[in-house]
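Step one of this worksheet: look at the structure below.
The values are calculated or read from the model by the stated rules, or taken from the named source; none is laboratory data. What you see is a predicted model, and the numbers here were worked out from it, not measured in a lab. No Cβ is skipped: glycine too gets one built from the backbone with ideal geometry, and neighbour counts run over all protein chains shown.
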Amino acid sequence: MPALIVIPARLKATRLPDKPLAMIGDAPMIVQVWRRAVAANAGPVIVACGDAPIAEVITKAGGTAVMTDPDLPSGSDRVHAAAEAHDPQGKFDIVVNVQGDLPTLEPKLVAASLTPLVDPKIDIATVVAKIVLEEELTDNAVVKAAVSFAPGATLGNALYFSRNLIPSGPGDHYHHIGIYAFRRAALRRFVTLKPTLLELRERLEQLRAIEDGMRMAAALVDTIPLGVDTQADLDRARRLLGVA
């Protein structure tokens, strides 16, 4: 399946301003994420840049930067705009949104996000991992996914996402990882939709797709990348990558 990998990035952030440019070892965070996305060998990688300084560091690193309107409301809108600008003929049937704040991302997760799309009925695919740390069960910063995995299966329908613990009852719980593989038509449709009640309530944009009737599925993986939202996260990322 031909896929275009897009990493959206902008400088404005409430908790950690300019975080795409924060240095981690020898490179800014956005370059670290770009390197890992390239290493996945899942398709060409572009960075959807809301600000010129991001484009500058990506270009200097040898990557492809696509400027997007800094006022776009979400990362998905930025991904769509960059994909349309880079590939106006629609050569790529699948567009993968890789969040730009995952500097410890393992490349295999990008490829794993494509696997649910072998089912032509699936509109959007993503990845999840089993929660093994007790504190994540009650941490509202950890998004939980309700996924119907058959016994022994690693692919399942993603039915809902929440910052609270779902579903109830005994059994495994799953940490959602911020990678989305959209069919091109689904992405084009998604960005035309208005934010929905559940999306606004949970502050999770993927619920907009579910409320609209799109089918989502998830691949089960065995590693969770660190998402950087705060200075403490950034410090931890540097330690994990041995550059503290």
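Computed quantities for the displayed model
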item: Selection from the stretch 58-75 of residues that are within 16 Å of Arg188 (Cβ to Cβ) and modelled with pLDDT of 95 or more; result: Thr68
item: Residue within the stretch 204-219 that is within 24 Å of Val132 (Cα to Cα), out of contact with any helix residue (DSSP H, G or I) (no Cβ under 7 Å at 6 or more places or on another chain), in contact (Cβ under 8 Å) with a residue 24 or more places away in the chain and not aromatic (Phe, Trp, Tyr) present; result: yes
item: Lone qualifier among Ala42, Ala65, Ala55 - being part of a loop (DSSP other than H, G, I, E, B), closer than 29 Å to Arg236 by Cα, touching a strand residue (DSSP E or B) at 6+ places or on another chain (Cβ under 6 Å) and not assigned by TED's automatic domain parsing to the domain that holds Arg203; result: Ala42
item: Strands (runs of 3 or more DSSP E) contained in the stretch 85-159 and holding at least 1 residues assigned by TED's automatic domain parsing to the domain that holds Ala40 and in contact (Cβ under 8 Å) with a residue 60 or more places away in the chain; result: 94-98
item: Any hit, the stretch 213-229, residues being closer than 28 Å to Ala22 by Cβ and more than 15 Å from the chain's Cα centre (by Cα); result: yes
item: Residues satisfying the stated conditions in the stretch 198-225, i.e. over 24 Å from Phe149 (Cα atoms) and outside any helix (DSSP H, G or I); result: Arg203
